[in-house]
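Asks: Please see the structure below; I have some questions.
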Amino acid sequence: MARKSPLGIEGTSLTFRDPDIKGRMTVAMVRAKDEGGHWRTKRFPVESWRRDGSAIIPDVAKSWARETRKDFIKGKAVARAATFQEFAALLIEEKAGTVTEHRLQRIRLVAEGLLKAGITDMQSDAFPIRVRKWIDSLYAGWSFPQDSFNRRKKKTPLSPATKNKHLIICRQVTSLAVRRRRLAYDPLADLSMWKQERKQKAIFSIDELRYLVSNKARYHAAKEKARLESVITAHQNNGLTRTSAVKRTGAEEGKHWSTIYNILKREANDDPWWLACCLLVYTGCRVDEAMHLRWEWIDWKAGHIHLRLADDYGNKSQSERLIPLEPELREILSPLAKPDGHIIPAHIRSGGSGEIRRVGKKGGGK
């Protein structure tokens with residue numbers, strides 16, 4: 001019979017086997033247990049015995065048990081291979097009831113797909129590379145059976161966003177293995193994500209930008225006032241009073257008659273926001289930067305605007321820079337040029353609130 005003897009190291013045990021003709025045990029089987037309760041065993045030959053015939057534990061066996069146990073505690077080794085599918089099942093159990101069934105099904109499909117590709121051992125050095133190649137090889141509808149009616153006829157590669165979703169699932173599984181002390185580190189932590197194209201919808205179309213900097217936008221207030229005056233005059237010539245003519249015009253324009261009066265009371269000046277739009281379009285400045293541009297910062301000969309830091313203004317990066325003076329902007333600013341001061345009037349810089357902004361003071365309407 002085999003005899004058991006303690007090694008004096010917590011989490012280890014020793015079993016003697018294979019007695020010789022004198023009844024002495026000739027093999028020492030040393031076991032070390034990891035944090036998950038699993039064992040790793042190694043055999044060592046016994047080379048010396050006591051007078052009573054009992055075996056003397058080899059020093060190399062004690063050393064192996066001590067170092068293996070230390071590696072287990074540090075998380076450098078595990079008693080058996082950590083398979084991806086095993087921890088995918090644990091992840092599903094952990095997330096059941098907290099996420100949708102569709103999400104759980106996606107985890108199952110990824111685990112099954114890796115199993116079919118022979119990717120199971122998370123401790124393998126090739127595991128990260130094989131996972132990435134597997135995700136790269138997928139096509140749209142890959143999870144459907146070959147004879148499925150819904151399976152796509154054409155092979156369409158997965159989008160970067162979908163590939164990243166699969167990689168995130170794989171990372172959740174490996175991260176769980178790390179938390180359960182079955183992996184010393186996450187093998188997929190350094191695996192880069194697929195780059196996704198950022199589709200940002202333009203705020204303005206090119207035609208809209210052209211209109212914002214055009215003379216049509218600049219003088220639209222005066223033209224609108226003159227147009228309404230001609231319509232009202234035509235109604236008066238047909239025998240209507242001024243008030244009746246204004247109300248008739250409002251009904252035809254789909255506006256309240258008081259709105260027509262407000263338009264008629266406006267001064268026929270340039271649109272107050274036209275110059276601000278020109279600066280924004282042609283310089284590419286942020287709103288606050290454009291509002292604080294000054295005439296003395298324009299170098300007409302060098303053809304640039306020197307955006308500087310000022311007492312009443314500090315930009316996002318707290319740095320100065322040169323802005324090219326586009327030919328179209330030069331033509332717009334030249335007739336309006338002044339020796340110094342802000343390019344944009346104070347009432348526009350205040351955002352219509354009538355109060356000029358200071359650093360750190362919030363306003364409305366910019």
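Asks: Of the residues Ile119, Ile129, Ile169, which single one is farther than 30 Å from Arg31 by Cα, in contact with a helix residue (DSSP H, G or I) (Cβ under 7 Å, 6 or more places away or on another chain) and either buried (at least 17 other Cβ atoms within 10 Å of the Cβ) or at pLDDT 90 or above (or both)?
Replies: One residue alone meets the criteria, Ile169.
Asks: From Leu188, Leu209, grab the single residue that is closer than 30 Å to Asp271 by Cα and surrounded by 13 or more Cβ atoms within 10 Å (Cβ to Cβ).
Replies: Leu209
Asks: Pairs please, first residue from region 271-283 and at positive phi, second anywhere and at pLDDT 90 or above and among the hydrophobic types (A, V, I, L, M, F, W, C), Cβ atoms under 8 Å, 6+ apart in sequence or on different chains.
Replies: none
Asks: Here's another thing I want to ask about it. With Thr243, Thr259, Thr233, Thr249 as the choices, which residue is more than 30 Å from Glu331 (Cα to Cα), free of Cβ contacts under 8 Å to residues at least 24 places away in the same chain, open to solvent by less than 80 Å² (accessible area, probe 1.4 Å) and within 48 Å of the chain's Cα centre (by Cα)?
Replies: That would be Thr259, the only listed residue that is more than 30 Å from Glu331 (Cα to Cα), free of Cβ contacts under 8 Å to residues at least 24 places away in the same chain, open to solvent by less than 80 Å² (accessible area, probe 1.4 Å) and within 48 Å of the chain's Cα centre (by Cα).
Asks: Same structure, new question: For the structure I just gave you, tell me whether Ala290 is under 39 Å from the mean Cα position of the chain (by Cα), open to solvent by less than 40 Å² (accessible area, probe 1.4 Å) and not aromatic (Phe, Trp, Tyr).
Replies: yes
Asks: Give Ile203, Ile232 a once-over and let me know the one that is of a type in the set (A, V, I, L, M), over 30 Å from Ile119 (Cβ atoms) and in contact with a helix residue (DSSP H, G or I) (Cβ under 6 Å, 6 or more places away or on another chain).
Replies: Ile232
Asks: Residues of region 186-215 being assigned to a loop (DSSP other than H, G, I, E, B) and either in contact with a Lys or Arg (Cβ under 7 Å, 6 or more places away or on another chain) or in contact (Cβ under 8 Å) with a residue 12 or more places away in the chain (or both), which ones?
Replies: Kept after step one, since they are assigned to a loop (DSSP other than H, G, I, E, B), are these residues of region 186-215: 186-205, 213-214.
Of everything in region 186-215, those that are assigned to a loop (DSSP other than H, G, I, E, B) and either in contact with a Lys or Arg (Cβ under 7 Å, 6 or more places away or on another chain) or in contact (Cβ under 8 Å) with a residue 12 or more places away in the chain (or both) turn out to be Asp186, Pro187, Leu188, Ala189, Asp190, Leu191, Met193, Trp194, Lys195, Gln196, Glu197, Val213.
Asks: Regarding Gly254, is this residue exposed (fewer than 13 other Cβ atoms within 10 Å of the Cβ), small (Gly, Ala, Ser) and under 30 Å from Asp340 (Cβ atoms)?
Replies: no
The values are calculated or read from the model by the stated rules, or taken from the named source; none is laboratory data. If you're wondering where the values come from, they're calculated on a predicted model, not measured in any experiment. For neighbour counting, all protein chains shown are included, and Cβ atoms are generated from backbone atoms with ideal geometry for every residue, glycine included. What goes into the accessible areas is simple: the full protein's heavy atoms, side chains included, and nothing from ligands, DNA or RNA. Shrake-Rupley method; radii C 1.70, N 1.55, O 1.52, S 1.80 Å.
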